[in-house]
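Okay, so here's the structure we're looking at.
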Amino acid sequence: MIKDALEGKPLRHPLHPFLVHFPIGLFTLSLILDLISLWYPLDGLYRGAFYAIVLGVICSLTAAIPGFADFLDIRKDHPAKPKARLHMILNLIMVVTFAIDAWVRGQDLFFLRTPILPLLLSILGVLLLSISGYIGGAMIYDDGIAVGRHRRRTRTPPETIGIALPPTMRAESATGAQMIAVADADSVSEGESLRVDLSGTVIAVVKLDGAFYAFQEFCTHRFGPLSEGCLKEGQVECPWHGSRFDVRTGKVLHGPAKVDLKTYPVRVCQGKICVELAATAAKATPTQV
Amino acid sequence: MGHLPSFEPRYRRAKLKMPMSEETKSGGFLKHPLHPIAVHLPMALWPSAALFDLLSRADVGGNVMVRLSFWAISLGLVSALIAIPTGIVDWSGIKKEKAAWKIGLYHFGLNGLITILFVVNLLLRLKTFRFEDQVETGPFALSIIGTLLLIGSAYLGGLMVYDHGINVARHSKHKWRQVAEAAGANVPPKQEKQP
């Protein structure tokens, strides 16, 4: 509940990317005022920069709270997780830098030109901010973190279940149908999903209307993560651009995707979810039949 | 007298009709769209200016607060000069039948209005900001109205990214294609033209 609110799900918009506008804008303003003061020592530039930094530090700390909730929400083995960690560490150093900067400036506010120590601290801070801001943007625009997340209200897979298959069972070499147990059936609730890596073949296993279905993890449009997609009415919706697929057949029901998903037969045997890998792999490559 | 030498219309047309490829959209060199970067300054500084106005009227900071507000609006306008063209370029890449196209249109219209409001706001302050201790009611009201409109418009811009996936996985789709192919997924044919 609190987690959903911090992630901005009721707003359909994450909170952290909104709140970070303020520190980015205010710290940039303060550095520009400092630089102007070196050439045009106007009254108020130095104090104005000080106020902007103080407000920026307050806004940074506010933005950190939903930012941390967003960080925890990223799947443990997601390629963006190290980026998110670096983003967080750089931002913490940045806030400390500006807090020291504000303290140094607070000692004496009546300079016309910004002295060298606060100027260097501000340059360092803005440099750190630019790098970590770029990383934060890359997480959204490259890795799709927090994109379409509000449509999925059930828990997303916290990590990928990795299963190493013996060579004879792998998709490319197996001959007959091979049922592979991936997880306990009662570990997945209605509308939830698993992300499973079967020796390199990555699939999403979902529970919808009491039954299990398995299909490829990556959307056929821009390869969004279907294990994090919204599940309803027998369909899975890609969180990124809203392509919808039939979970039974993998058929595209709504664009922008044009290519159907690969699906995999699933059965529950002895309380385990079992996925059949080889049979569909053969079906998908006609030359093998 | 023969024919007048003519320009080569085909050549000129070819130059004008440059296709909107992935690389010519904003931010190709950065591998990050430019519009969302440029909007940070107005989005932060115009509401901050409203706050500085409020503080000045509450007798906090005196003339420094009035000056700070003036500088904040100015820097926001400079950044808006980058945000507007990059935003138009990104918007023109969205197909008209998509829901995001209409949101983008409202976002564009509102932002144009907000920018004009802050230009007027700045002009009203131009003569007095150097010595006044409190921001006058007119510019203060414009800051508040501009801020409220800006939050609404920025929310629409945010919806385009977080609800409609505009600009998401545009620069990284080749990387993701390789990941998906390696994971045994069906992938679309390579020469696709997607929004």
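Could you look through the stretch B:138-154, keep only residues that are within 13 Å of chain A (Cβ to nearest Cβ) and of a type in the set (Gly, Ala, Ser), and pick out the one that is farthest from B:Val39 (Cα to Cα)? If we take residues in the stretch B:138-154 being within 13 Å of chain A (Cβ to nearest Cβ) and of a type in the set (Gly, Ala, Ser), then B:Gly152 is farthest from B:Val39 (Cα to Cα). Among residues of the stretch A:128-160 being hydrophobic (A, V, I, L, M, F, W, C) and without any contact (Cβ under 8 Å) to a residue 60 or more places away in the chain, the one that is nearest to the other protein chains (Cβ to nearest Cβ) is A:Ala138. Identify all residues within the stretch A:40-77 that are within 13 Å of chain B (Cβ to nearest Cβ), of a type in the set (A, V, I, L, M) and not in a loop (DSSP other than H, G, I, E, B); write none if there are none. Selection gives A:Leu45, A:Ala49, A:Ala52, A:Ile53, A:Val54, A:Leu55, A:Ile58, A:Ala63. Once the stretch B:129-150 is narrowed to residues that are crowded, with 20+ Cβ neighbours inside 10 Å and of a type in the set (Gly, Ala, Ser), the residue that is farthest from the chain's Cα centre (by Cα) is B:Ser143. When every residue of the stretch A:106-125 is checked against the conditions, none turns out to be modelled with pLDDT of 95 or more, among the acidic types (Asp, Glu) and in the same structural domain as A:Leu35 (by TED's automatic domain parsing).
For the stretch B:58-80, the candidate set comprises residues that are open to solvent by 40 Å² or more (accessible area, probe 1.4 Å) and modelled with pLDDT of 95 or more; within that set, the residue that is nearest to the other protein chains (Cβ to nearest Cβ) is B:Val78.
Residues in the stretch A:257-283 that are within 13 Å of another protein chain (Cβ to nearest Cβ), modelled with pLDDT of 90 or more and open to solvent by 20 Å² or more (accessible area, probe 1.4 Å): A:Lys258, A:Val259, A:Asp260, A:Lys262, A:Thr263. Screening A:Ile58 against (1) in contact with a Lys or Arg (Cβ under 8 Å, 6 or more places away or on another chain); (2) hydrophobic (A, V, I, L, M, F, W, C); (3) over 28 Å from A:Leu194 (Cβ atoms) leaves a single unmet condition, (1). Quick one: is A:Ile36 in a helix (DSSP H, G or I) and surrounded by 23 or more Cβ atoms within 10 Å (Cβ to Cβ)? When the stated conditions are applied, A:Ile36 does not pass them.
The residue that is nearest to B:Trp71 (Cα to Cα), among those in the stretch A:7-23 that are facing chain B (nearest Cβ under 7 Å) and open to solvent by 40 Å² or more (accessible area, probe 1.4 Å), is A:Phe18. Consider the stretch A:91-147 and keep the residues that are assigned to a helix (DSSP H, G or I) and among the hydroxyl-bearing types (Ser, Thr, Tyr). The one that is most open to solvent (accessible area, probe 1.4 Å) is A:Tyr134. Scan the stretch B:155-174 and tell me whether some residue there is assigned to a helix (DSSP H, G or I), facing another protein chain (nearest Cβ under 7 Å), over 19 Å from A:Ala80 (Cα atoms) and without any contact (Cβ under 8 Å) to a residue 24 or more places away in the chain. Yes: one or more hits.
The values are calculated or read from the model by the stated rules, or taken from the named source; none is laboratory data. None of these values were measured; they are calculated from a predicted model. Ideal geometry is used to build each Cβ from the backbone, glycine not excepted, and the neighbour counts take in all protein chains shown. In case anyone asks, the SASA skips ligands and DNA or RNA and just uses the protein heavy atoms, side chains included. Shrake-Rupley method; radii C 1.70, N 1.55, O 1.52, S 1.80 Å.
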